Each structure stands twice: as structure tokens, then as C-alpha cells.
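Notes for the one structure printed next.
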Amino acid sequence: MNKEIVSLRKVSKWYGGQGGLTKTSIFNEIDFSLKEKEIVGLFAPSGSGKTTFLQIAGLLDTQIEGNVFIFGSKVAIRNDYRTSLIRRQKIGFVFQFHHLLQEFSAVENVIFPLLFEGFSKNSAVKRATYLLKKVGMEDKLYNRPAELSGGEQQRVAICRAIINKPALLLADEPTGNLDQKTADSVMRLLIKLLKENNLSGIIASHNPKVAEIVDRRIMISNGKVSDF
């Protein structure tokens with residue numbers, strides 16, 4: 001039986017409620033779990049809470065009620081040092097905007113997570129080169145972001161997110177700024193890399209083709225998360 005990578009138990013989230021502001025509920029005692037090696041597609045209209053859900057699962061939003069478990073262990077979500085350590089070592093993020101450092105090459109952008117963990121530059125570059133070649137970037141290893149297309153930049157961002165082999169990858173509309181053909185190609189590459197590296201992932205997307213290639217689909221509706 002596969003282990004649970006991340007679990008949310010009776011998690012609630014709201015905005016406002018102070019200083020006379022109206023309290024707006026986003027989630028109301030939601031339960032969710034993601035198993036080892038499982039890839040889940042998250043589908044919901046804009047403004048329904050997809051980004052907030054990923055931020056909670058990724059320990060970026062700690063202003064919640066309820067409990068978050070990583071590998072079955074309850075996380076003290078308001079312990080900034082502990083949650084930062086878990087994020088750095090266990091969780092990778094891919095955003096709609098790639099957030100690459102413009103003054104560095106593709107390889108240099110990818111190796112940063114390993115350098116922060118104390119890896120030598122040589123071993124980090126070797127791993128980054130391997131990943132970039134896997135996504136068809138072998139001819140542009142030393143190009144800077146301005147010299148890459150949008151799809152190529154997002155491939156670099158994906159390699160950066162998984163280079164330290166996180167247990168969990170969270171992707172928030174990772175192809176939202178790409179044309180349909182490029183988006184489909186990048187999404188398939190992303191899921192292929194997750195499977196090849198035995199990683200778990202939650203991918204928020206509006207792309208209907210994503211539903212065809214993930215292991216499970218979930219939706220957000222009326223402050224609840226459910227399979228469909």
C-alpha cells in the first residue's frame with residue numbers, strides 16, 4: 001500500500017473577519033490525501049481557490065485551521081524554520097510564471113536548489129545537464145532566459161523544481177502562458193518526468209487534456225475538494 005505524501009485534515013481557510021471586514025470562507029473543513037507516486041489533476045474555475053489549496057499543501061499558507069501531515073507526520077505549520085526546511089527538502093514548485101534568474105544560464109538556474117543543499121557544483125551541473133537533456137534542451141544549456149522561448153523557459157523551471165528529487169511537486173497553471181501546442185508538449189514532459197522519477201504531484205490546470213493523463217482528478221466546489 002502506497003504511503004500518503006501529504007494529507008489535509010479538516011482544513012479551513014478564510015479571508016477577512018478583522019477590523020470590520022467581512023469574513024469570506026475559502027475552504028470549510030476539507031480532507032484530502034495524495035499517495036506516493038500519484039499524480040492528481042486539480043480543476044476548478046478561476047477564483048475558486050486552486051492557488052490557495054496548493055499553497056496550503058505546500059506549507060506556504062499557514063494561516064489556517066486544521067492539520068497538515070507530510071509522510072504521516074503532523075506539521076507544526078506555524079514553525080517557520082521547520083516548514084521552510086520541509087519545503088526546501090521535500091516540495092518542488094512550478095508556477096505559471098517561471099521566475100528564472102535572467103542573468104544566469106539554463107544550467108545555472110537549475111542547479112541552485114542543489115547548491116543550497118551543499119552539493120558540489122560539478123555534481124549539480126551533471127544532474128542539471130541530465131534533466132535538461134531529458135526535456136530537449138541539450139542545445140541550449142548555457143542560454144540565458146531571454147534567449148529561450150516561453151516553453152523552453154518553463155522546461156527549465158520544471159527541471160529546477162525536481163532536481164533535488166522532492167517527494168511532492170506542486171504545479172500552479174504551469175502552462176497557462178503558453179500556446180496550446182506548446183502547453184500540451186510541456187505538460188506531457190512534466191508528467192513523464194514525474195513518473196520517471198517516482199514523484200507525486202498535484203497539477204492545477206484549465207487544460208482539458210491534463211485530465212486524460214493524470215492518475216486522479218479533483219475539483220473545488222463550494223469550499224470543498226472532491227474527486228470527479
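The values are calculated or read from the model by the stated rules, or taken from the named source; none is laboratory data. It should be emphasised that the depicted structure is a prediction, and the values quoted were computed from it without experimental measurement. As a convention, Cβ positions derive from the backbone with ideal geometry for all residues, glycine included, and neighbour counts pool all protein chains shown. Accessible surface areas use protein heavy atoms only, side chains included; no ligands, DNA or RNA. Shrake-Rupley method; radii C 1.70, N 1.55, O 1.52, S 1.80 Å.
Can you pull out the residues in region 8-26 that are within 29 Å of residue 195 (Cβ to Cβ) and at pLDDT below 95?
Within region 8-26, none qualify.
Rundown of residues vs (1) more than 19 Å from residue 34 (Cβ to Cβ); (2) without any contact (Cβ under 8 Å) to a residue 40 or more places away in the chain; (3) touching a His at 6+ places or on another chain (Cβ under 6 Å), yes/no style:
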{"position": "51", "(1), (2), (3)": "no, no, no"}
{"position": "56", "(1), (2), (3)": "no, no, no"}
{"position": "63", "(1), (2), (3)": "yes, no, no"}
{"position": "66", "(1), (2), (3)": "no, no, no"}
{"position": "83", "(1), (2), (3)": "no, yes, no"}
Notebook entry, point to check: In region 175-200, how many are under 15 Å from the mean Cα position of the chain (by Cα) and under 20 Å from residue 46 (Cα atoms)?
Noted result: 3
Check: What helices (runs of 4 or more DSSP H), lying completely within region 99-217, carry at least 1 residues that are open to solvent by less than 60 Å² (accessible area, probe 1.4 Å) and touching a strand residue (DSSP E or B) at 6+ places or on another chain (Cβ under 7 Å)?
Finding: 150-162, 180-196, 210-213
Next item on the list: Please note which strands (runs of 3 or more DSSP E) are completely contained in region 1-51 and include at least 1 residues that are open to solvent by less than 80 Å² (accessible area, probe 1.4 Å) and charged (D, E, K, R).
Entry: 4-15, 24-35
Checklist line | Selected residue (only one of 127, 88 is of a type in the set (Lys, Arg) and modelled with pLDDT under 95) | finding: 88
Notebook entry, point to check: For residue 58, which of the numbered conditions (1) exposed (fewer than 15 other Cβ atoms within 10 Å of the Cβ); (2) in contact with a helix residue (DSSP H, G or I) (Cβ under 7 Å, 6 or more places away or on another chain) fails to hold?
Noted result: (1)
Notebook entry, point to check: Limited to region 151-172, what total is found for residues that are on the phi > 0 side of the Ramachandran plot and either among the β-branched types (Val, Ile, Thr) or touching a His at 6+ places or on another chain (Cβ under 7 Å) (or both)?
Noted result: 0
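What's the total number of residues in region 209-228 that are basic (Lys, Arg), at pLDDT below 95 and within 15 Å of residue 45 (Cα to Cα)?
Here the count works out to 1.
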Check: Taking the condition surrounded by fewer than 19 Cβ atoms within 10 Å (Cβ to Cβ), in contact (Cβ under 8 Å) with a residue 40 or more places away in the chain and aromatic (Phe, Trp, Tyr), does residue 93 pass?
Finding: no
Next item on the list: Output the number of the condition that residue 83 fails; it satisfies all remaining conditions of (1) farther than 22 Å from residue 3 by Cα; (2) at pLDDT below 95; (3) in contact with a Ser or Thr (Cβ under 8 Å, 6 or more places away or on another chain); (4) assigned to a helix (DSSP H, G or I).
Entry: (1)
